[in-house]
Structure formats: C-alpha cells, structure tokens
Amino acid sequence: VQLQASGGGLVQAGGSLRLSCATSGRTISNNALAWFRQAPGKEREFVAAISWPGTRTKFADPVKGRFTISRDNLKNTGYLQMDTLVPEDTAIYYCAVSLYNSPSSRLEDYGEWGQGTLVTVSS
C-alpha cells in the first residue's frame, strides 16, 4: 500500500492543523492506522493510533486531550486533528499502516510508512 501524508505547515502556538493520510494500492480494512513523529535529533515516537474499523484509539501522553485521530474507511484515509499546538509538537509526522487491527504504540507493529509531512509550531 502507498501512503501519502499531507496537511503539514507552519502554525503559531495555540493553533490547529489537520493531517491527512491517503492510502492506495489495496484496501486497509483489518489494519490499524497510526501517526508517529520525529523531531530533529530525536528518535521517531508514537503519537496516536486507531483500530480497524475505528472504534478504539490510543494516544501518547503529550498529545492526549489535544489531538484526535480518525479514519474514513470508504476513502481509505486517516486523519490527525491537532489542536492547541505547542512548539514541542514541531516534527515530521508520518502515517503508518499496522500489521494488526488493534492500535499499538510499537514501531515494529507497523509495516508500511508514508513519506512524512512537516509540522512547525512557532512560539
């Protein structure tokens, strides 16, 4: 499956962005979707995940209450709504398709990755 992440950009602290992850090549039914991020000089870290078909979600502690993950199964697309952004959210955001249908924070549970979209939050 091919994944195309989009929606990144420059935003002031306190602002919002909505990332999209469009998938193609095959259906992603029975696969969880997730977002990870990687800041300069840091390792890739988990942000949020959503199960198939979307009834369960999982969030990293730093984004709980600020980020929302969703998916449109007819469009094979995932979304990450990011509100109340802070400079620490600055990173390249990657979407990924899981090998399983349950949301997971483990990188090794994800077999396919998009190219990433840059989010920059200014103070």
Proximal lysines relative to Lys75, as straight alpha-carbon distance under 22 Å, when same-chain residues fewer than 8 apart are discounted: Lys58
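Under unit Cβ charges (Lys, Arg +1; Asp, Glu -1), what dipole magnitude, rounded to 20 debye, does the range 50-105 have relative to its Cα centre? Mind showing how you got there, number by number?
Working: 6 positive and 5 negative charges, 52 e Å.
Computed charge dipole of the range 50-105: roughly 240 debye.
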Nearest 20 debye, what's the magnitude of the dipole of the range 12-113 about its Cα centre given +1 on Lys and Arg Cβ and -1 on Asp and Glu Cβ? 240 debye
Mean accessible surface per residue for the chain, computed with a 1.4 Å probe while every protein chain stays in place, in Å²: 50 Å²
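Only sites in a loop by DSSP and with at most 14 other Cβ atoms within 10 Å count here; which trypsin sites (Lys or Arg not before Pro) in the range 1-76 make the cut?
On the way: sites: Arg18, Arg26, Arg37, Lys42, Arg44, Arg56, Lys58, Lys64, Arg66, Arg71, Lys75; in loops: Arg26, Lys42, Arg44, Arg56, Lys64, Arg66, Lys75.
Loop-located and lightly packed - Arg26, Lys42, Arg56, Lys64, Lys75.
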Whole-percent carbon and sulfur share, accessible surface of the range 33-123, 1.4 Å: 50 percent
Suppose each label sits 7 Å from its Cα in the direction of the beta carbon; what would the Val86-Arg56 distance come out to in nanometres? 2.8 nm
Cut-off 10 angstrom, C-alpha nodes, Gaussian network model of the chain. Which of Ser98, Ser20, Ser29 fluctuates the most? Ser29
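The values are calculated or read from the model by the stated rules, or taken from the named source; none is laboratory data. Remember, predicted model here, so these are calculated numbers, not experimental data. FYI the Cβ positions are ideal-geometry reconstructions off the backbone, even for glycines, and counts take in every protein chain you see. We work out accessible area using only protein heavy atoms, side chains counted, and drop any ligands, DNA or RNA first. Shrake-Rupley method; radii C 1.70, N 1.55, O 1.52, S 1.80 Å.
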